[in-house]
Amino acid sequence: MRAPMSLSPGQQLPVRRIGPISQTDIVRFAGAGGDFNPLHHDPDYAVRAGLPGVIAMGQMQAGMLAGYLSDQVHVEHLLSYAVRFAGTLAVGETLDLQGIVTAVDTEAGTAEVELTATAGERTVIAGSATVRIA
């Protein structure tokens, strides 16, 4: 097992940029996850539903955010992870993943991390996690 990371309150994790998101990215995720809602692959259907076009599944961004965090702190030290879907992600948009350490409990050996996935100025996923620290 890798050693836990040393984190401090206010520490910003490096930003990871993904994209632009392609229709192929969305179709691959649909195949992996079994989500074949036409909002994710049929542009005409998405427009009739009131969207500007096809959107990515929220779980796709949530998975990217989880992968980002586990790359930063090592997956074996991720103790809890929760997300809230806050917006949509469309084909052609770029996703910025980021995190900030909001609290450290040295007695428990844990840190709280607030996470966001944004497309431009819009937050599409907001999350939080508890991680083991050194």
**Q.** Near pairs, Cβ below 8 angstrom, 6+ apart or cross-chain, from segment 32-55 (outside any loop (DSSP other than H, G, I, E, B)) to any residue that is of a type in the set (Ser, Thr, Tyr)
**A.** Pro38/Tyr45; Leu39/Tyr45; Ile55/Thr88
Q: Could you pull out the residue among Gly87, Gly92 that is of a type outside the set (Asp, Glu) and in contact with a Lys or Arg (Cβ under 6 Å, 6 or more places away or on another chain)?
A: Gly87
Q. Can Ser80 be described as among the polar types (S, T, N, Q), surrounded by 14 or more Cβ atoms within 10 Å (Cβ to Cβ) and either under 24 Å from Ser6 (Cα atoms) or in contact (Cβ under 8 Å) with a residue 24 or more places away in the chain (or both)?
A. no
Q) If we keep just the residues of segment 15-27 that are in contact with a helix residue (DSSP H, G or I) (Cβ under 9 Å, 6 or more places away or on another chain) and free of Cβ contacts under 8 Å to residues at least 60 places away in the same chain, which is nearest to Ala117 (Cα to Cα)? A) Asp25
Q | Number of the exception - His74 against (1) at negative phi; (2) touching a strand residue (DSSP E or B) at 6+ places or on another chain (Cβ under 8 Å) | A | (1)
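Residue-by-condition table, conditions (1) under 12 Å from the mean Cα position of the chain (by Cα); (2) surrounded by fewer than 16 Cβ atoms within 10 Å (Cβ to Cβ); (3) modelled with pLDDT of 95 or more:
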{"residue": "Asn37", "(1), (2), (3)": "no, yes, no"}
{"residue": "Arg48", "(1), (2), (3)": "no, yes, yes"}
{"residue": "Leu51", "(1), (2), (3)": "no, yes, no"}
{"residue": "Ser70", "(1), (2), (3)": "yes, no, yes"}
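The values are calculated or read from the model by the stated rules, or taken from the named source; none is laboratory data. Since this is a predicted model, take the numbers as computed values, not measurements. Virtual Cβ from ideal backbone geometry, glycine too; neighbours counted across all protein chains shown.
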